[in-house]
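Asks: Here's a structure for you.
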Amino acid sequence: MTRKTSPKISHLVFDLDGVVWETFPREPFQLLTKAADVSDPQIQAVCTKLRGRSFRGTDWISELREAGVDVRDKLLMANISNHLFQKTKHSLWLYYDIGPVICELAKRTRLSVFSNNCRAALEYSLPELVSLFECVITFESLAPENLKPHPQGLWIISRQSNTPISEIYLIGNTRDDVDAARAAGTQIAIAKWRWQRQNKLFDPRQFGEDGEKLVFLDYPSSLLDIIPEKNRVE
């Protein structure tokens, strides 16, 4: 009888919002509709287009596109992303024990980041730990159409780190993370601690019809069970 072996994991890739830290997704859109304290004419124009709109979810790029904002303009989108970060950074907070967990994981395997957030948010929240991430793929790294759920960020990490795509393990918390991982051919686990922190019902079906078959992690410390302590970074 042949024993089934677990797929090899040699590179952990972190999403940020909902995995490393918590933010309030509706707040940025409310801020963008208020142009009173905005001096940048580009941001003022965006604020004007958004004023009076009600936002339905966290996919802010789609919301901007529907409002008539040219999301293909990478410089404009980077400007918007930076503006939102500056306005909301003080409401960003790290999940309990995520810092020590990342430090321990860095001793066991290679780490990277793939997020639709801006790099400034990562440097602000984890200033002493940024150097632990081998590749950092954030909003500024990709054209807007290649952000998640597009898998390009994972392909870049695979290529730059010389890691087989099947040995990459993405830690995410949205359907976009699942779709990106599946399209790229990586492994994935879903971080559940956002739902637990907000005391909300967790429904695996939000990740697709076969969502219940995914790997779910209850706490940041659960990440240590994925990578055995005997693993060492080469």
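Derivation of every value follows stated rules applied to the coordinates shown; laboratory data play no part. Every value quoted in this text rests on a predicted model; they were computed, and no experiment measured them. We place every Cβ from the backbone using ideal geometry, glycine too, and count neighbours over all the protein chains shown.
Asks: Note the count of lysine pairs whose C-alpha atoms are less than 13 angstrom apart in the chain, limited to pairs 8 or more residues apart or on different chains.
Replies: Pairs that pass both the separation and distance tests number 4.
Asks: Given the options Ile157, Ile137, Ile80, which has the most mean-square fluctuation in a GNM of the chain, springs set between C-alpha atoms less than 10 angstrom apart?
Replies: Most flexible of the set in this elastic network: Ile80.
Asks: Could you list the GluC sites (Glu not before Pro) in region 66-163 that lie in coil according to DSSP, counting only those with at most 14 other Cβ atoms within 10 Å of their Cβ?
Replies: Filter output for region 66-163: Glu128.
Asks: Oh, and also: Below 8 Å between Cα atoms, with a sequence gap of 6+, how large is the relative contact order for region 105-158 in percent?
Replies: Computed value for region 105-158: 40 percent relative contact order.
Asks: In addition: What's the FRET efficiency of His90 with Leu132 using the Cβ-Cβ distance as r and R₀ = 25 Å, to the nearest 0.05?
Replies: Details: r = 24 Å, r/R0 = 0.97.
Plugging the Cβ-Cβ distance into 1/(1 + (r/R0)^6) gives 0.55.
Asks: May I pose another question? Which of the listed residues, Val178, His11, Ser62, is farthest toward the dipole's positive end in the chain, when Lys, Arg count +1 and Asp, Glu count -1 at the beta-carbon?
Replies: My answer, from the dipole projection, is Val178.
Asks: On to the next question. Rounded if a/c is under 1.5, else prolate if a/b beats b/c, else oblate: with a ≥ b ≥ c from the C-alpha gyration tensor eigenvalues square-rooted, which is region 121-169?
Replies: Details: a/c = 2.51, a/b = 1.23, b/c = 2.04.
The shape class here is oblate.
Asks: When N is the residue count of region 125-234, what does its C-alpha Rg come to as a fraction of 2.2 N^0.38 Å? The partial results should precede the final answer.
Replies: Working: Rg = 14.8 Å, N = 110, 2.2 N^0.38 = 13.1 Å.
Compared with the compact-globule rule of thumb, region 125-234 sits at 1.13.
Asks: Expressed as a whole percent, how much of the Cα-Cα distance distribution for region 147-198 exceeds 12 Å? Spell out each step's value before the answer.
Replies: On the way: 800 of 1326 pairs.
Counting pairs separated by more than 12 Å, the tail of P(r) holds 60 percent.
Asks: Taking the simple approach of a point 7 Å from Cα along Cα-to-Cβ for both Asp225 and Glu140, what is their distance in nm?
Replies: With each label point 7 Å from Cα toward Cβ, the separation is 3.8 nm.
Asks: Which order do peptides 215-224, 162-171, 13-22 fall in by mean Cβ count within 10 Å, highest first? List each step's numbers first, then the result.
Replies: Details: 215-224: 16.4, 162-171: 19.2, 13-22: 23.1.
Ranked from most to least packed, the peptides come out as 13-22, 162-171, 215-224.
Asks: Normalised by the number of residues in region 98-207, what is the relative contact order in percent for Cα pairs under 8 Å and 6+ residues apart?
Replies: Result for region 98-207 is 19 percent.
Asks: Note down the relative contact order for the chain as a percent, whole number, built from C-alpha pairs under 8 angstrom at least six residues apart.
Replies: 25
Asks: Let me ask something else about it. Dipole of the chain (Lys/Arg Cβ +1, Asp/Glu Cβ -1, origin at the Cα centre): which of Thr88, Gly211, Ala106 lies farthest to the positive side?
Replies: Most positive-ward Cα: Gly211.
Asks: Separate question: To the nearest 20 debye, what is the magnitude of the charge dipole of region 78-210 about its Cα centre, counting +1 on the Cβ of each Lys and Arg and -1 on the Cβ of each Asp and Glu?
Replies: 260
Asks: So what's the convex hull volume per residue for the Cα atoms of the chain, in Å³?
Replies: Value for the chain: 140 Å³ per residue.
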